[in-house]
Structure formats: C-alpha cells, structure tokens
Amino acid sequence: MSRLCLCLTASTFEENRRVLVSHGDRIDLAELRLDCLDSFDGAGAFAAASPVPLILTLRRTADGGYYGADEGERLKILTGLIPRGFSYVDLEDDLGEAGAEAEEAARRSGVRIIRSFHDFMGIPADLAERVRRNAARGELSKAAVTLNHSRDLIPFLKAARELGDREKILLAMGERGFFSRVLAERIGSFLTFTSPAGGLSAASGQIDPDTLLERYRFREQRADWPLYGIIGNPVIQSRSPELHNRWLEDSGLPGVYVPFLLDDLEDFDELDRLLDFRGLSVTIPFKEKILPFLEERSSAVESIGACNTYYKRDGRIRGHNSDAPGFLYPLLDRLGIDRKNERPLSGKKCTLIGAGGASRGVLYALVSSGAEVLVLNRTVEKARPLAGEFGARAAVLSGESRHLMGEYADIIVQTTSMGMAPMEGQDPVE
C-alpha cells in the first residue's frame, strides 16, 4: 500500500516538531528538508525523537530546493547526519564518485538510500529505464518529472505501467500531475509526498494530508478501484471532487474521483485506455469536443449539442447532459416557480453571456421553458449560429450591447470562464 510522507519545510526544528506531532497519526513517514532550516544544529536529536521514520534531504537549488552552497560541503553535512537516527537519505543519481562517502555511511548505518532525480523541463525519454537503473543494490528509486502538456500523461503512465510492481517513488509535478499525488497506489508509487495545509509546499502540486485522507480516501484506495474524474481547463479549483467523493463514500461504493487538467483531447482515446475511466464529468472547454468520442448520446446531448457526462455501460461509451435541469431547477426554486409548470419562464426576457459548451445547456433550458433570450458573445459569429439553433437573438458582447441587455434583464446568465481560476474577480461585463 502506498504511504503518506509529510514534508517538513519549517525554518526551525521547533516548528517542524509541532507540525510532525500534529500530523503524526495521519502519516507513515516524514521528510526533513534541511535546506529549509535556518540551522542544522539539533537534526540528530530531532530524528531520534521522531514518532515516524524520517527521510534526510538536503535539496540543491538545481533540484527545486534551497541549498545553493558548495556541493562538497552539502555531501559532508549529509554524511555526518546519516547515522544520527534517520531511516532514509535522499541522494541524487548524478553524484558519481563524489557521493561515495555518503553512500558508504548510509550502508554502514542501515539507512536506505533514495536515489532521486528531478526533471523540471519535462519527461526523459528513458524514464522507466532510469528508474530501473537507480534501483540497483536495493536502493529506492525516485523520479519527479514535469508534465508540460496533457499529452505528457501518456509517456508518464506508460512508464508507470512498464515498471509494474517494482518498488519506486514516481510522481508528476504541477497541476497536470495532480492525479499522480492522489493515485499513488494505482501507479505503484511507494509513497506520495504531502505538505501541511497553509505551510510551505515542498513541491508544486502537493496536497495536504487531510484532503488526501478525507476527500480522496487515500488509505482505502486500491489499484483496481473504479476511476472517475472531471476533465477541463481550468479544473483544479472544481468542487466536483469534494462532492462526488463524498457521495461515493456515503454510498459505500469503491472508487475515487480526481480532477484532470487537459490542454486538448488529442490523445484522449489512449489516455482512457491507460486509466480506464469508469465515468467523467466534462467541463470547459470540452463539452462539445468530447462528442466524437461517444458511441451513444442521450436525447439531451442530441438536443443541446454538448455533453457534460461521459460514462461506460454494457461495453459502450455513452454521453449525457445534465446541464439544463442542473441550471433550471435551482433557478425556478429561487424565483418561487413550480418546477412542474410546462413553460415556467414564459414571458421572461433573459440575457445569456457566452456561446461555449456551457451556454448550450442553459440556452436549451431557458428557451424550452418559454423565455425570450439574447445571446451575447465577444465573437458574434459564434453567437449567431448558436442563437439560431434555438430561436434566440444574438449580438456582440461590448459596451454598446448594454442597452440590449436592458431589454433582456429579467434574468442574466454568465457562462464564460471569467471569474474562474486564474481570472477570479473578473467579469465579462462591467
């Protein structure tokens, strides 16, 4: 089972001790990041008193750490501290002969070496082979790589599959690699690194222990659990994982629901084959782009021309769209209108801002409910065909369209990505 490793990145041993004690019942081991400390004095006493096994790490700036002094001095510090109560020591795979003394100190002390490398530029073509090579002599191989584009998920997942059950630490940094932190058990990683909520994150994409344990059921996960998720861009800020994982747990169902930041759907078929999604929520900007991947479409998908739910049943890939009722019912409740009314918005004049995938379900719901709708979009050429499909009016979104909005102001619906990360606090209209 994959383990939880808490990264200790405070500047003092006292603060690190407080963090360690407060998380001790939720973690399996911890990594003491010497490069984050104001002073190394007391490292041995800290290790001796630790309630969990400790990894000793003095990370170079070249590897994303904070130690930028002489390399010989760095290795001398590590060599001196290795026998002082640590269970693991992180030594990079490019040390060569310079690291011989530290390696010998680890072997004499029974301290296991984590042989690591970090690639902040991308994924090395020989990722699997490099991981295997670094696992020589019983060392624990660690690879932390960068996904610059969602297409990089493919070689990363292929390497994880090729390595199989081999003991390793494998992770992808950044938002595109978020899934690797959550699905450590699925990709066969010995551990996943986690940082305290509100503290200094040791690496991009790390998640706090409570989120991993409570939202993603990290301790309960199995490699063969059904995998669900949400695909979109942006997507990490979505509340969907919080909601769906809670529903899975409350229903007593196995499975985990994870956000996947994708740049496009170019390799989506292969990604699905590698991860075997049981079902996906689909959000901006893929609600229309997902259509070619569906083998069956619900009547809502056919009517709206967009899909927000991708799932598999009886060996078939199916698509549904729940946007219309999901939007309409809370609106009717807020307005005090009975949902059972045949045309509950009859007589209402509404403005719809945006003409993307999310707008189609909203427009369908408004028009089907009897409303007259004005569609505003920065590119009017995109608004006109959408409005034409549903018998609505279209115009360009600009300061000059304000008078038109005044005519269609009973309900105004904003469906663009403005206001979502990274554009929080922004609006498409003043």
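Spread over its residues, the convex hull of the C-alpha atoms of the chain is 171 Å³ per residue.
Given their separation in residues at 0.36 nm each and the Cα-Cα distance between them, Glu129 and Asp263 gain 45.5 nm when the chain is fully extended.
In this structure Lys289 has an accessible area near 120 Å², from a 1.4 Å probe over the protein heavy atoms.
To the nearest µm²/s, what D does Stokes-Einstein give for the range 1-113 at 37 °C and 0.692 mPa s, using the Kirkwood radius over alpha carbon pairs as Rh? In µm²/s, the coefficient is 231.
Shown here for the range 357-409: trypsin sites (Lys or Arg not before Pro) in loop regions (DSSP other than H, G, I, E, B) with at most 12 other Cβ atoms within 10 Å, of which there are none.
Spin-label model, Arg151/Asp333: points 7 Å from Cα along the beta carbon direction are separated by 4.4 nm. If you fit an axis through the alpha-carbon atoms of helix 380-390 and take the longest principal axis of the Cα set of the chain, what angle between them do you get, 0 to 90°, nearest 10? Here the helix axis deviates by roughly 60 degrees.
With the simple model of a label 7 Å out from the Cα in the direction of the Cβ, Phe120 to Arg108 spans 3.4 nm.
Largest GNM mean-square fluctuation across Glu14, Glu31, Glu342, computed for the chain with C-alpha springs under 10 Å, falls on Glu342. Comparing Thr61, Thr283, Thr146 in a Gaussian network model of the chain where C-alpha atoms under 10 Å apart are linked, the largest mean-square fluctuation is found at Thr61. Taking each DSSP H run with n ≥ 4 as -39500 (n - 2.57) and averaging over every residue of the chain yields -8500 deg cm²/dmol at 222 nm.
Provide Rg over Rh for the range 69-131; use the alpha carbon set for both Rg and the Kirkwood Rh (inverse mean inverse pair distance). For the range 69-131, the value is 1.02.
Quick check: the angle from helix 323-335's long axis to the longest principal axis of the chain, C-alpha only, nearest 10 degrees? Long axis of 323-335 versus the principal axis of the chain: about 70 degrees. Note on Ser299 and Asp427: the extension gain reaches 42.8 nm, defined as 0.36 nm multiplied by sequence separation minus the Cα-Cα distance. Annotation: the range 250-344 has a Kirkwood hydrodynamic radius of 15.2 angstrom, from the mean reciprocal C-alpha pair distance. With all protein chains kept in place, the per residue accessible area of the range 1-105 amounts to 42 square angstrom at a probe of 1.4 angstrom. Rg/Rh, computed from the Cα trace of the range 255-404 with Rh as the Kirkwood radius, has the value 1.02. Against the chain, whose longest principal axis comes from its Cα atoms, helix 71-81 is set at around 70 degrees. What a 1.4 Å probe finds exposed on the range 1-44 is 45% carbon and sulfur by accessible area, rounded to a whole percent. So if I take the centroid of the Cα atoms in the range 23-76 and the same for the range 286-363, what is the distance between those two points in Å? Taking the Cα centre of the range 286-363 as reference, the centre of the range 23-76 is 52 Å away. Full extension of the chain segment joining Arg222 with Arg278 gains 18.7 nm, where the gain is 0.36 nm per residue of separation less the Cα-Cα distance. Mean-square fluctuations from a GNM of the chain, with a 10 angstrom spring cutoff on Cα atoms, peak among Lys168, Lys287, Lys340 at Lys340.
The values are calculated or read from the model by the stated rules, or taken from the named source; none is laboratory data. Predicted model only: the values in this text are computed from it and were never measured. Every residue, glycine as well, gets a Cβ built from its backbone with ideal geometry; the counts of neighbours run over all protein chains shown. What goes into the accessible areas is simple: the full protein's heavy atoms, side chains included, and nothing from ligands, DNA or RNA. Shrake-Rupley method; radii C 1.70, N 1.55, O 1.52, S 1.80 Å.
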